[in-house]
Amino acid sequence: MTDWWQIALLYGPSVLFGPLLVVSVVQEPRRFRNAIWLALFVLSLSSGLLLDFWRDWAFIPIVLVALFAPIAVVVFLLVNTVIVVRHEGFSLSTILPALFALLVMFCVAVYPLTFYFDAPRWGKGVGLLIALEGLWFFFTFAALLLYSTIYRILPRRRRYDYIVVLGAGLQGTKPTPLLRGRLDKAVDLWRRQDGKGVFIVSGGQGADEEISEAEAMKRYLVEERGVPARCIIEEGRSTTTFENLRNCKVIMDGRSGVAESFESQATSLGFKQAVTSGSSDGGLTIGDTVEPSSSSSATETRRPGRVRRMRNRMSCPYRVAVVTSDYHVFRASEYARDLGLKSDGVGSHTKGYYWPAAFIREFIAISKAHFWPYVVILALWAIGMLIMVVGK
């Protein structure tokens, strides 16, 4: 293949998506769109190479992937479900891989079945809509899986002012193995920077828990990992990842003296200060505990707008490491970006058998926050159906 226009046709898409990916990652690596640009770049480049070097045979790997990839995914997810249930017991979270496998089979089969059973036109139209929505769903799943993996392993040689550790459940008054992994990862990071930086352990008390996750985490760090209590701040009132980070931001802003007053933020979120000694700006000092107020409005989870996020990032005088499980890193990092934090996500190891179920939960949560493409697909489908009806 020598004609320039043929080369441009083959590699033009990858030449377009490559720079878009680089620019977007350089500007902000915690964007969901980065996953889309990366997937489009990989897909367009691999397709161009296949068509360029395989020519007449390029259809073979494409057909094989189209036919056998869904089967391989379904088999893997079903086997993984059996393994997870054996280890963790039967629950909605442990059977998520099997439910995901059923969704794959449904989305792949529904449109062809409308032709097999000779469904009416409206039935075929609905089948097409399900197939299109499913195609975007699984494309973004693969894209996020690829990008979040790369994001986690990106080299970072920074010193962090704060090391935020997100809660992950208790066994009695002790952290679960999953939470201990996060705490151990945080301690390793803290020691790599010569004991510099402040821990903020974040997690409230569930209805079936004796103490807050934050208190249990602080005990573990002090008693089992030898971290001085003066280097730890407890945030013991949050119940979701977004609340974890939002409440920690209030604490960090207060200690760092940012332009927006700590008092106004704390009041709006229902904080009361247990100790204020040693802090000239009225913020929290190392070793303090953040306690909930009876008039708390912490259940509010509205995200700042674009202008507010940009202003927050520009005025943020500190850098944060958000330590969580590896499957949870990207979503936590995206929330931190929404809040205007200068942060990096740091992931602790998760057992391999549990990883698929955990990542599926993360993907569903992220998809809810980026739902507009599904609405666009629905709107385009509706327009197409309307044109067909009118044209008939």
Determine, yes or no, whether Leu20 is open to solvent by 50 Å² or more (accessible area, probe 1.4 Å) and closer than 19 Å to Thr140 by Cα. yes
Do any residues in region 150-178 that are under 24 Å from Asp253 (Cα atoms) and surrounded by 18 or more Cβ atoms within 10 Å (Cβ to Cβ) have Cβ atoms under 6 Å from those of residues that are modelled with pLDDT of 85 or more and of a type in the set (Asp, Glu), where the two are at least six apart or on different chains, and which pairs are they? Gly167/Glu213
Could you list, ordered by first residue, the pairs with Cβ atoms under 7 Å in which the first is in region 228-240 and under 13 Å from Ser212 (Cα atoms) and open to solvent by 10 Å² or more (accessible area, probe 1.4 Å) and the second is among the small types (Gly, Ala, Ser) and outside any loop (DSSP other than H, G, I, E, B), at least 6 apart or interchain? Glu234/Ala214; Gly236/Ala214
Out of curiosity, is Val84 over 19 Å from Phe137 (Cβ atoms) and part of a helix (DSSP H, G or I)? yes
Which of the residues that make up region 14-57 are more than 27 Å from the chain's Cα centre (by Cα) and either of a type in the set (S, T, N, Q) or closer than 26 Å to Tyr147 by Cβ (or both)? Val15, Ser47, Gly48, Leu49, Leu50, Leu51, Asp52
For residues that are within 19 Å of Phe359 (Cβ to Cβ) and open to solvent by 40 Å² or more (accessible area, probe 1.4 Å), scanning just region 94-127, find the one that is farthest from the chain's Cα centre (by Cα). Leu102
Among Ala365, Ala379, Ala298, the single one that is at pLDDT below 95, more than 30 Å from Gly257 (Cβ to Cβ) and either assigned to a helix (DSSP H, G or I) or in contact with a strand residue (DSSP E or B) (Cβ under 9 Å, 6 or more places away or on another chain) (or both) is Ala365
One residue is enough: does region 370-383 have a residue meeting the conditions over 10 Å from the mean Cα position of the chain (by Cα) and closer than 28 Å to Arg156 by Cα? yes
When (1) modelled with pLDDT under 95; (2) under 25 Å from Gly340 (Cα atoms); (3) of a type in the set (S, T, N, Q); (4) surrounded by 15 or more Cβ atoms within 10 Å (Cβ to Cβ) are applied to Asn34, the one that fails is (1)
Can you name the condition, by its number, that Val187 falls short on among (1) more than 24 Å from Pro356 (Cβ to Cβ); (2) open to solvent by 60 Å² or more (accessible area, probe 1.4 Å)? (2)
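The values are calculated or read from the model by the stated rules, or taken from the named source; none is laboratory data. This one's a predicted model, so the numbers in the text were calculated from it and none came from an experiment. Here the Cβ is made from the backbone with ideal geometry for all residues, glycine too, and neighbour counts use every protein chain on show. Ligands, DNA and RNA are stripped out before the accessible areas are found, and what is left, the full protein with its side chains, is counted by its heavy atoms. Shrake-Rupley method; radii C 1.70, N 1.55, O 1.52, S 1.80 Å.
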